[in-house]
1. Find all pairs meeting these conditions: Cβ atoms under 6 angstrom apart; at least six residues apart or on different chains; first residue within the range 59-70 and part of a strand (DSSP E or B); second residue surrounded by 14 or more Cβ atoms within 10 Å (Cβ to Cβ) and aromatic (Phe, Trp, Tyr).
2. Working carefully through the options 83, 75, 87, find the one that is on the phi < 0 side of the Ramachandran plot, modelled with pLDDT of 90 or more, surrounded by 20 or more Cβ atoms within 10 Å (Cβ to Cβ) and over 13 Å from the mean Cα position of the chain (by Cα).
3. Considering only residues that are in contact with a helix residue (DSSP H, G or I) (Cβ under 9 Å, 6 or more places away or on another chain) and among the charged types (D, E, K, R), look in the range 91-104 and name the one that is surrounded by the most Cβ atoms within 10 Å (Cβ to Cβ).
4. Only residues in the range 104-127 that are under 11 Å from residue 75 (Cα atoms) and modelled with pLDDT of 55 or more count as the first member; pair them with residues that are surrounded by 14 or more Cβ atoms within 10 Å (Cβ to Cβ) and of a type in the set (Gly, Ala, Ser), Cβ under 6 angstrom, at least 6 apart or cross-chain, and list the lot.
5. Quick one: how many residues across the range 65-91 are within 19 Å of residue 43 (Cα to Cα) and touching a Leu at 6+ places or on another chain (Cβ under 9 Å)?
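The values are calculated or read from the model by the stated rules, or taken from the named source; none is laboratory data. As the structure is a computational prediction, the values presented were derived from the model and not from experiment. Ideal geometry is used to build each Cβ from the backbone, glycine not excepted, and the neighbour counts take in all protein chains shown.
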Amino acid sequence: MTDAAAEADALNDPGRRGSLEIKHKAVEHLAVLAARSTDSVTDRHPGLRVLGGRDLPKADVTVNGSRVRAQVVVAVTWPSPLAKVAAEVRAAVARDLSELGLYTVDRVDVTVECVSAEAAEEEGRVQ
């Protein structure tokens, strides 16, 4: 057997193939993107940016092997049913993290930290 053939056989061995590792921060980022894509979730948090606060949504994930738990904090626009929005965020985060095919999502906790009374954008208003 030639060296090239031996190397090809070694690469076909499942134990010698590469692996995929997704960093902890990447999983948090995916959870934030999933929350942000949910209707009625906003990144507006009046006053907190001025005071040095954090941007929302925010996620903190715990990865244990192939199991994930997430804590997500969001701001929601007024008037939105908070329980419905929280359930939609929970479902979006669980779905997006599960679609990676690497993780089983055990739990997603959602906290609504702020209800933002965003002014509706008015275009073409004449006075």
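1. 68/103
2. Values: 83 fails: surrounded by 20 or more Cβ atoms within 10 Å (Cβ to Cβ); 87 fails: surrounded by 20 or more Cβ atoms within 10 Å (Cβ to Cβ).
Within the list 83, 75, 87, the selection yields 75.
3. 96
4. 110/86; 114/75; 116/75
5. 5
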